[in-house]
Amino acid sequence: MELFEIVKIAGAVLAALIASRTIWSGTRKWYLKGWGSRRVWRKKLNLISNWVTDEYVKDLLGTPVFRNQGSVSDGTQGEKKAWIDRVYSTPHAFVATRSINERVEAWSVTVIDPKFLWSVENATFGIIRGKLGRSTFESLNAKPSGWIESCGANTYEYAEVSYLGNPGGYQNFTFMHTQAGIGAIHPSGHSLVIAGVFSGGTDSSKVHAQAPPDETRKKTTVNTILVTSPSLIVKNIPKHGWPVAGREQTRLLHQYRRPHVSWPKRLIEWGRQRLTRLGT
């Protein structure tokens, strides 16, 4: 075999190696940005729990993007405890925690990615099954013990709470639709609806004290789960503010101002721009 042929073969092998490495690098980047990223973050969210330390959550999710604070009554002698809410931004969901004395007493997940498909089964100890951003209230939560719906000129929130007793760690599980997340809504037409365990925690004037109609539960998507520890009084939470990601804050983040555009549409738009340049 002549030297020239050996060089040609070596060049072809080297080119194949470079091409395979490029393809592998591009595929890995695409996987980690999409499916792989979703898989990693699903596992991370399944590690969140009440009564863990603030340091644990920060190591798990990173630095919070928002921080709010206030006080809440402990329900015993009228004393109030200071709480701190922290909101964490992930590629597929917002996570919020409420801490008292550097210990998490409530946490929530609000889905912003339609393909994230995070199940609430792990968070509810396998009792309730469904996916945030996909399931409706009717399909997810058959027997809520309380309802609350708030509808304003530019705001809408709907929530249902369930208490699962010992199998649920004596925690309260509130399923919500908030404007910071994704999914459809079907308002009942009332500005404020409060029923069940939420009654008494808010000013009763101008309140429609009945459960929302079935159409609201059938057509409204659950995009948020809020898990509160036994230390917090559920009916007081709406009065003090929900420990969830709020749209008035999350919309300020630049990456969530731009609507998501799929890669085929981006390719078509790039082609149009190139044709326009060639035509001129």
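The numbers here are math on the coordinates, done by the rules we state, and not lab data. Just so you know, these numbers come straight off a predicted model, no measurement behind them. All Cβ positions, glycine included, derive from the backbone under ideal geometry; neighbour counts span all protein chains shown.
A few points about this structure:
- Model label points for E248 and R274, set 7 angstrom from Cα along the Cα-to-Cβ axis, are 4.7 nm apart.
- For the peptides 178-186, 36-44, the ranking by mean Cβ contacts within 10 Å, running from highest to lowest, is 178-186, 36-44.
- When only alpha carbons are used to place a centre, the range 88-135 and the range 229-243 end up 17 Å from one another.
- Label-to-label distance for Q69 and E102 is 1.4 nm, based on points extended 7 Å past Cα in the beta-carbon direction.
- Relative contact order (%) - the range 108-241, alpha-carbon pairs under 8 angstrom, separation at least six: 30 percent
- Prolate/oblate/rounded label for the range 34-256 (Cα gyration tensor, a/c 1.5): rounded
- Using 0.36 nm per residue and subtracting the Cα-Cα separation, the extra length available between S231 and K43 on full extension is 65.0 nm.
- Applied to the range 213-228, the Karplus parametrisation 6.51 cos²θ - 1.76 cosθ + 1.60 on θ = phi - 60° returns per-residue 3J(HN,Hα) values of x, 4, 4, 5, 6, 6, 10, 9, 8, 7, 10, 9, 10, 10, 10, 10 Hz, with x for Gly and Pro.
- Residue separation of K81 and W51 scaled by 0.36 nm, minus their Cα-Cα distance, works out to 9.2 nm of gained length.
- Between C151 and R129, the modelled labels are 3.3 nm apart [label points 7 Å from Cα along Cα→Cβ].
- Packing-based ranking, highest mean first, of 114-123, 161-170 given that Cβ atoms within 10 Å are counted: 114-123, 161-170
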